[in-house]
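The values are calculated or read from the model by the stated rules, or taken from the named source; none is laboratory data. Please read these numbers as outputs of a predicted model, since none were measured by experiment. No Cβ is skipped: glycine too gets one built from the backbone with ideal geometry, and neighbour counts run over all protein chains shown.
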Amino acid sequence: MSLNTVVAIILAAGSTTLTNVAYLREHDAAAALPVLSMRRPIHSVKLLLEDRTWLFGFAMETGGFLLYAAALGLAALALVQSITAGGIGVLAYVGARMSNRKLGPRHRAGVIISVLGLVALGVSLMKSNGAGGEGSIAGILAWLGGTAALALVVLAIAHRHGGSAVAEGIGGGLLFSIGDISTKIVTQGGARVAFLTTLIAGYALGTIQLQIGYQRGAALTVAGLATLLTNALPIAAGTIVLGEGVPAGALGVVRILAFVGVIGGSILLAAPDDPRGAKRAPPVPADARS
């Protein structure tokens, strides 16, 4: 394993820790605000920027992004995303500690499977230099365009049925994946720096969707689903679009099992232990706040 790969793994681990703790802070802050809406984006952004607790969480998330971008400059997209996928375990553990509750059996299983997946990933990297591919501009644009279209469809269907935390989490995750893939493309330099446009759009729209979702559901459900898609899609894109190779032989099998492990663990962690549990109270309207 090369030095660049080792440094990238450390940076990615730091990134996912900061980002997932930030999600918890943002969730608590957004849940206490008046109703946010994409129909009033300027008003919604103003509410968020005026809240110091939310701003602190967003600053932490920004720090996590900078570490993530640095990691992508050193290693393949699929590798870095596999490390950050384990961050949902951080989200589950810290969330449980902050709310003074124990993780349910499904979430404990998710943490264990995610950790085993990360261990398997480390084994598969023993003879890897961590280098990534570049892919074609046409293929990248097709992937990003298809992801954006899918996000619009999910959010449109949810809107017709009154909206839901699950849909906002899925929509936010799809949009964040656009930002994550674009970040890797930008680090390749040259004309690809133009993907800074899709990077900003993906992260900005994804962030707003997550805040709306935080007002409708628990952090682990909303951010968990977003994290799942934010990691699963770039891992797939790294292999399919950017041509990042999988090792041959036994190490290749271990690498695939590692990807399956971190994504499978994320699915378990994103799902509520008791879907019949009580719903959280709706946000307090602005005119009802003293």
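A few notes on this one:
- Identification of helices (runs of 4 or more DSSP H) wholly contained in region 1-86 with 3 or more residues that are under 15 Å from residue 212 (Cβ atoms) and touching a helix residue (DSSP H, G or I) at 6+ places or on another chain (Cβ under 8 Å) yields 3-31, 41-49.
- Residue match in region 261-279 (condition: exposed (fewer than 14 other Cβ atoms within 10 Å of the Cβ), in a helix (DSSP H, G or I) and modelled with pLDDT under 80): no
- Between 238, 252, 213, the distinction of being closer than 15 Å to residue 165 by Cα, in a helix (DSSP H, G or I), over 12 Å from the mean Cα position of the chain (by Cα) and at pLDDT 75 or above belongs to 213 only.
- For region 1-57, the candidate set comprises residues that are of a type in the set (Phe, Trp, Tyr) and surrounded by 15 or more Cβ atoms within 10 Å (Cβ to Cβ); within that set, the residue that is nearest to the chain's Cα centre (by Cα) is 23.
- Test: residue in region 116-135 that is surrounded by 13 or more Cβ atoms within 10 Å (Cβ to Cβ), assigned to a helix (DSSP H, G or I), at pLDDT 70 or above and polar (S, T, N, Q): no
- Residues considered: 191, 258, 237. Of these, the only one that is more than 30 Å from residue 34 (Cβ to Cβ) and free of Cβ contacts under 8 Å to residues at least 60 places away in the same chain is 191.
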